[in-house]
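A.B. asks: Here it is, the structure, as structure tokens.
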Amino acid sequence: MLVNGIWQGDWQPVQEKDDDGRFIRQTSQFRNWITADGNAGPTGKSGFPAEPGRYRLYVALICPWACRTLMTLQLKGLQDSIEVVVLNPVLSDQGWQFGGYPDTGAAPFAGCQYLHQLYTAADSGYTGRATVPLLWDTKQNVPVNNESADIIQMFNSAFNHLTGNDTNLRPAHLENEIDNLNEWLYNAVNNGVYKSGFATSQLAYEEAYNSLFNALDKIDQLLTAQPFLLGEQLTESDIRLFVTLIRFDAAYHGLFKCNQRTIASYPSLHQYLKRIYDIQGISRTVNIDHIKQGYYSIRALNPNGIVPAGPENLFD
């Protein structure tokens, strides 16, 4: 990670934990918002109006947090408005890196090999992890935001007047339900797989493992009666769940010891996953090769670096 703008040691998956060995995730630090008129959003400062071609999104296709922003970008028709740069899925000793792998993009500046160099270009004293997604303003040459939850909401509404796309992933009458569901999904499922995989005690692992599968059982049962989490309409909550489920059998089940069941063994969850995958544009956000190469490059969990041969197809 970076400490006062200087890279320290080799990249490690766990930077913080509590006294009982529970994994603690870093809080995002860049929290400005793109808005339709450039006024300040819920956090940060003003000066980031929605303009086509102005913003760049840095992602890794291994990363669920990054790919939920990509899903929203696809659903909102922003492919021609926001440039996307895909990073190398293989985690190096200095974290995310540019290029050097199929379907990845070049560094934004000459001499910038790693994502953390972009973070220090933005803030020479930055302390913390250099994470994806990172939304960048190419006009001011500054970061906008590196919190995926914020970026999803920006993409959902800020560009509507330019694109004419009125798809709404946060309808007003469902906002409270969405926020409550998102919090539960984050703790039990989205971050739950990481709390299992990155636990450093048996207690922390079993606590996260049990919470995860209790949640999956409940969701599977819920989806027997409706196509999406909150009924007939796809919402932000479905995007948040999808990105975890699509990686589950290929990575979390084995590498993160989340091995009570596969998603393929849940009848309703498996059909739900396929239902969303088949929505136009969503399959472009999923790359099974990047997912496997990325997760199995985590040396703390897989020191020999062996990447499993399967699954090759997510739905067969």
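A.B. asks: Output the residues belonging to the range 199-246 that are open to solvent by less than 60 Å² (accessible area, probe 1.4 Å) and either among the basic types (Lys, Arg) or modelled with pLDDT under 95 (or both). Steps first, please.
C.D. replies: Just the residues of the range 199-246 that are open to solvent by less than 60 Å² (accessible area, probe 1.4 Å), to begin with: 199, 201, 204-205, 208-209, 211-213, 215-216, 219-220, 223, 226-231, 234-246.
240 - this is the single residue of the range 199-246 that is open to solvent by less than 60 Å² (accessible area, probe 1.4 Å) and either among the basic types (Lys, Arg) or modelled with pLDDT under 95 (or both).
The rows are residues; the columns are (1) in a loop (DSSP other than H, G, I, E, B); (2) surrounded by 16 or more Cβ atoms within 10 Å (Cβ to Cβ).
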residue: 85; (1), (2): no, yes
residue: 90; (1), (2): yes, yes
residue: 101; (1), (2): yes, yes
residue: 105; (1), (2): yes, yes
residue: 108; (1), (2): yes, yes
residue: 111; (1), (2): yes, no
residue: 116; (1), (2): no, yes
residue: 119; (1), (2): no, yes
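A.B. asks: Check 80, 93 and return the single one that is among the acidic types (Asp, Glu) and over 17 Å from residue 156 (Cα atoms).
C.D. replies: Values: 80 fails: over 17 Å from residue 156 (Cα atoms).
Matching residue, one of 80, 93: 93.
A.B. asks: Taking residue 36 as the residue in question, decide whether it is within 16 Å of residue 153 (Cα to Cα), of a type in the set (A, V, I, L, M), modelled with pLDDT of 95 or more and surrounded by fewer than 17 Cβ atoms within 10 Å (Cβ to Cβ). Don't jump to the end; show me each part of the working.
C.D. replies: On the way: within 16 Å of residue 153 (Cα to Cα): yes; of a type in the set (A, V, I, L, M): yes; modelled with pLDDT of 95 or more: yes; surrounded by fewer than 17 Cβ atoms within 10 Å (Cβ to Cβ): yes.
Yes: the conditions hold for residue 36.
One line per residue, one yes/no per condition, for (1) out of contact with any Ser or Thr (no Cβ under 9 Å at 6 or more places or on another chain); (2) β-branched (Val, Ile, Thr):
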{"residue": "20", "(1), (2)": "no, no"}
{"residue": "32", "(1), (2)": "no, no"}
{"residue": "35", "(1), (2)": "no, yes"}
{"residue": "42", "(1), (2)": "yes, no"}
{"residue": "50", "(1), (2)": "no, no"}
{"residue": "71", "(1), (2)": "no, no"}
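A.B. asks: Further question: Taking the condition among the aromatic types (Phe, Trp, Tyr) and either closer than 21 Å to residue 282 by Cα or in a loop (DSSP other than H, G, I, E, B) (or both), does residue 252 pass? Spell out the reasoning first.
C.D. replies: Values: among the aromatic types (Phe, Trp, Tyr): yes; either closer than 21 Å to residue 282 by Cα or in a loop (DSSP other than H, G, I, E, B) (or both): yes.
Against the criterion (among the aromatic types (Phe, Trp, Tyr) and either closer than 21 Å to residue 282 by Cα or in a loop (DSSP other than H, G, I, E, B) (or both)), residue 252 qualifies.
A.B. asks: Does the range 4-23 contain at least one residue that is charged (D, E, K, R), modelled with pLDDT under 95 and closer than 26 Å to residue 112 by Cα? So that I can check it myself, show each step before the final result.
C.D. replies: To start, the set of residues in the range 4-23 that are charged (D, E, K, R) comprises 10, 16-20, 22.
Applying the additional criterion that residues be modelled with pLDDT under 95 yields 10, 16-20, 22.
Next, only the ones that are closer than 26 Å to residue 112 by Cα stay: 10.
Within the range 4-23 (the criterion being charged (D, E, K, R), modelled with pLDDT under 95 and closer than 26 Å to residue 112 by Cα), the answer is yes, since at least one residue qualifies.
A.B. asks: Still on this structure: Which count do you get for residues in the range 184-198 that are in a helix (DSSP H, G or I), among the polar types (S, T, N, Q) and open to solvent by less than 30 Å² (accessible area, probe 1.4 Å)?
C.D. replies: Taking the range 184-198 first, the residues in a helix (DSSP H, G or I) are 184-190, 192-197.
Retained after the next criterion (residues that are among the polar types (S, T, N, Q)): 187, 190, 196.
Retained after the next criterion (residues that are open to solvent by less than 30 Å² (accessible area, probe 1.4 Å)): 190, 196.
Residues in the range 184-198 being in a helix (DSSP H, G or I), among the polar types (S, T, N, Q) and open to solvent by less than 30 Å² (accessible area, probe 1.4 Å): 2 in total.
A.B. asks: So, one more: Can you pull out the residues in the range 255-274 that are outside any helix (DSSP H, G or I) and buried (at least 20 other Cβ atoms within 10 Å of the Cβ)?
C.D. replies: Step one: filter the range 255-274 for residues outside any helix (DSSP H, G or I), giving 256-262, 266.
Within the range 255-274, 256, 258, 266 meet the criteria.
A.B. asks: Another question about this same structure. Would you confirm whether any residue within the range 215-236 is in contact with a Ser or Thr (Cβ under 7 Å, 6 or more places away or on another chain), of a type outside the set (A, V, I, L, M, F, W, C), closer than 30 Å to residue 175 by Cβ and assigned to a loop (DSSP other than H, G, I, E, B)?
C.D. replies: Scanning the range 215-236 turns up at least one residue that is in contact with a Ser or Thr (Cβ under 7 Å, 6 or more places away or on another chain), of a type outside the set (A, V, I, L, M, F, W, C), closer than 30 Å to residue 175 by Cβ and assigned to a loop (DSSP other than H, G, I, E, B).
A.B. asks: Which of the residues spanning the range 50-65 are open to solvent by less than 30 Å² (accessible area, probe 1.4 Å) and more than 21 Å from the chain's Cα centre (by Cα)? So that I can check it myself, show each step before the final result.
C.D. replies: Just the residues of the range 50-65 that are open to solvent by less than 30 Å² (accessible area, probe 1.4 Å), to begin with: 50, 54-55, 57-64.
If the condition is that a residue be open to solvent by less than 30 Å² (accessible area, probe 1.4 Å) and more than 21 Å from the chain's Cα centre (by Cα), then 50, 54 are the ones that fit.
A.B. asks: Turning to a different aspect of this structure: Against the condition among the aromatic types (Phe, Trp, Tyr), open to solvent by less than 60 Å² (accessible area, probe 1.4 Å) and part of a loop (DSSP other than H, G, I, E, B), how does residue 11 come out, does it pass? Steps first, please.
C.D. replies: Numbers: among the aromatic types (Phe, Trp, Tyr): yes; open to solvent by less than 60 Å² (accessible area, probe 1.4 Å): yes; part of a loop (DSSP other than H, G, I, E, B): yes.
It is true that residue 11 is among the aromatic types (Phe, Trp, Tyr), open to solvent by less than 60 Å² (accessible area, probe 1.4 Å) and part of a loop (DSSP other than H, G, I, E, B).
A.B. asks: Additional query: Suppose we filter 27, 43 for residues that are out of contact with any His (no Cβ under 7 Å at 6 or more places or on another chain), outside any strand (DSSP E or B), open to solvent by 20 Å² or more (accessible area, probe 1.4 Å) and under 30 Å from residue 80 (Cβ atoms); which single one remains?
C.D. replies: Numbers: 27 fails: under 30 Å from residue 80 (Cβ atoms).
Just one listed residue meets the conditions, 43.
A.B. asks: Restricting attention to the range 269-312, and to residues there that are polar (S, T, N, Q) and more than 21 Å from the chain's Cα centre (by Cα), which single residue is nearest to residue 96 (Cα to Cα)?
C.D. replies: Taking the range 269-312 as the starting set, the residues that turn out to be polar (S, T, N, Q) are 271, 280, 283, 285, 287, 293, 297, 302, 304.
Then keep just the ones that are more than 21 Å from the chain's Cα centre (by Cα); that gives 271, 302, 304.
Values: 271: 33, 302: 17, 304: 19 Å.
Checking each candidate, the answer is 302.
A.B. asks: So, one more: Between residues in the range 7-28 that are of a type in the set (A, V, I, L, M, F, W, C) and residues that are open to solvent by 50 Å² or more (accessible area, probe 1.4 Å) and outside any loop (DSSP other than H, G, I, E, B), which pairs lie under 9 Å by C-beta distance while being six or more apart or on different chains?
C.D. replies: Sorted first by the residue in the range 7-28, then by its partner, the pairs are 7/117; 14/24; 23/16; 23/17; 23/195; 24/16; 24/17.
A.B. asks: To continue, here is another question. So, of the residues in the range 166-183 that are out of contact with any Leu (no Cβ under 8 Å at 6 or more places or on another chain) and open to solvent by less than 40 Å² (accessible area, probe 1.4 Å), which turns out to be nearest to residue 40 (Cα to Cα)? Full working, then the answer.
C.D. replies: Restricting attention to the range 166-183, the residues satisfying the condition of being out of contact with any Leu (no Cβ under 8 Å at 6 or more places or on another chain) are 166, 168, 170-173, 175-176, 179-180, 182-183.
Going one step further and asking which of them are open to solvent by less than 40 Å² (accessible area, probe 1.4 Å), we end up with 170-171, 182.
Values: 170: 20, 171: 22, 182: 24 Å.
In this case the residue turns out to be 170.
A.B. asks: Quick check: is even one residue across the range 182-193 at pLDDT 95 or above and farther than 18 Å from residue 23 by Cα?
C.D. replies: Pass one, the range 182-193, residues at pLDDT 95 or above: 182-193.
From what is left, the residues that are farther than 18 Å from residue 23 by Cα are 182.
Looking through the range 182-193, at least one residue is at pLDDT 95 or above and farther than 18 Å from residue 23 by Cα.
The values are calculated or read from the model by the stated rules, or taken from the named source; none is laboratory data. Model, not experiment: these values are computed from the prediction. Ideal geometry is used to build each Cβ from the backbone, glycine not excepted, and the neighbour counts take in all protein chains shown. Just so you know, the surface numbers come from the protein's heavy atoms only, side chains and all, with ligands and any DNA or RNA stripped out. Shrake-Rupley method; radii C 1.70, N 1.55, O 1.52, S 1.80 Å.
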